[in-house]
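Following: one structure in structure tokens, then a few remarks.
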Amino acid sequence: MSQLKNMIARWAQPGVVTWLGLRPARRARMHVVQEAQIGLDGLAGDRSRAGKRAVTLIQAEHLPAIGAYLGRDAVDPMDLRRNIVISGLNLASLKDRQIAIGDAVLHLSVICAPCSRMEETFGCGGYAAVRGHGGWCAEVITPGVVRIGDPVCPVDRVAD
């Protein structure tokens with residue numbers, strides 16, 4: 001493996017699940033949970049569907065950045081309507097890779113772009129504030145349970 005590919009494949013530390021939320025229906029208020037069953041079609045109780053957008057994830061570190069772009073404190077993950085908040089691991093560096101999260105394995109597939117609802121939620125500039133910081137969509141490879149506090153790490157660990 002080339003030196004650049006090796007550096008790209010490395011990660012400094014496991015991440016951790018800090019928040020879980022379910023969207024039971026379109027525009028319905030999210031339900032915050034301590035654990036969730038991840039099936040092939042996403043989290044049980046969520047309105048997700050099977051495929052590359054079954055689960056949505058966002059980094060906790062992006063919540064204060066989005067807030068700063070809006071001129072306020074960190075935004076609430078509930079407002080972004082993502083399923084899982086991860087802290088301590090750069091999800092962008094794991095694009096097109098598999099991650100172990102709780103008992104499940106997910107494949108980070110595509111950026112979770114903001115929708116026009118961000119303007120409704122955050123006001124003027126809401127869409128722009130979330131752009132580039134809205135998280136990732138993932139396909140479920142192996143179903144399992146995920147809980148607050150579970151570690152998150154790439155499946156294909158690169159040795160030093």
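The values are calculated or read from the model by the stated rules, or taken from the named source; none is laboratory data. Since the model is a prediction, treat every value here as computed from it, not as a measurement. All Cβ positions, even for glycine, are placed from backbone atoms using ideal geometry, and neighbour counts span all protein chains on display. When the accessible area is computed, the model is the full protein with side chains, heavy atoms only, and any ligands, DNA or RNA have been set aside. Shrake-Rupley method; radii C 1.70, N 1.55, O 1.52, S 1.80 Å.
Figures for the structure shown
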| quantity | calculated |
| --- | --- |
| Cβ-placed point charges (K, R +1; D, E -1), dipole of the stretch 119-159 about Cα centre in debye, nearest 20 | 160 |
| Cα centroid separation, the stretch 63-88 to the stretch 1-45 (Å) | 15 |
| Accessible surface of ASP103 - all protein chains present, 1.4 Å probe, nearest 10 Å² | 100 |
| Surface per residue (accessible, 1.4 Å probe) for the stretch 3-160, Å² | 50 |
| Accessible carbon and sulfur surface of the chain relative to its total accessible area, %, 1.4 Å | 52 |
| Mean residue ellipticity (222 nm) of the chain, computed from DSSP H runs ≥ 4 via -39,500 (n - 2.57), nearest 500 | -4000 deg cm²/dmol |
| Size of electric dipole in the chain: Cβ of Lys, Arg +1 and of Asp, Glu -1, about Cα centre, debye, nearest 20 | 420 |
| Point-to-point label distance, GLN34-ASN6, nm (Cα→Cβ direction, 7 Å offset) | 4.4 |
| Cα-Cα P(r), the stretch 3-60, percent of pairs per 5 Å interval | 4, 16, 20, 21, 14, 10, 8, 6, 2, 0 |
| Radius of gyration and Dmax over the Cα atoms of the chain, both given in Å | 15.4, 48 |
| Relative contact order computed over the chain (Cα-Cα under 8 Å; 6+ residues apart), in percent | 32 |
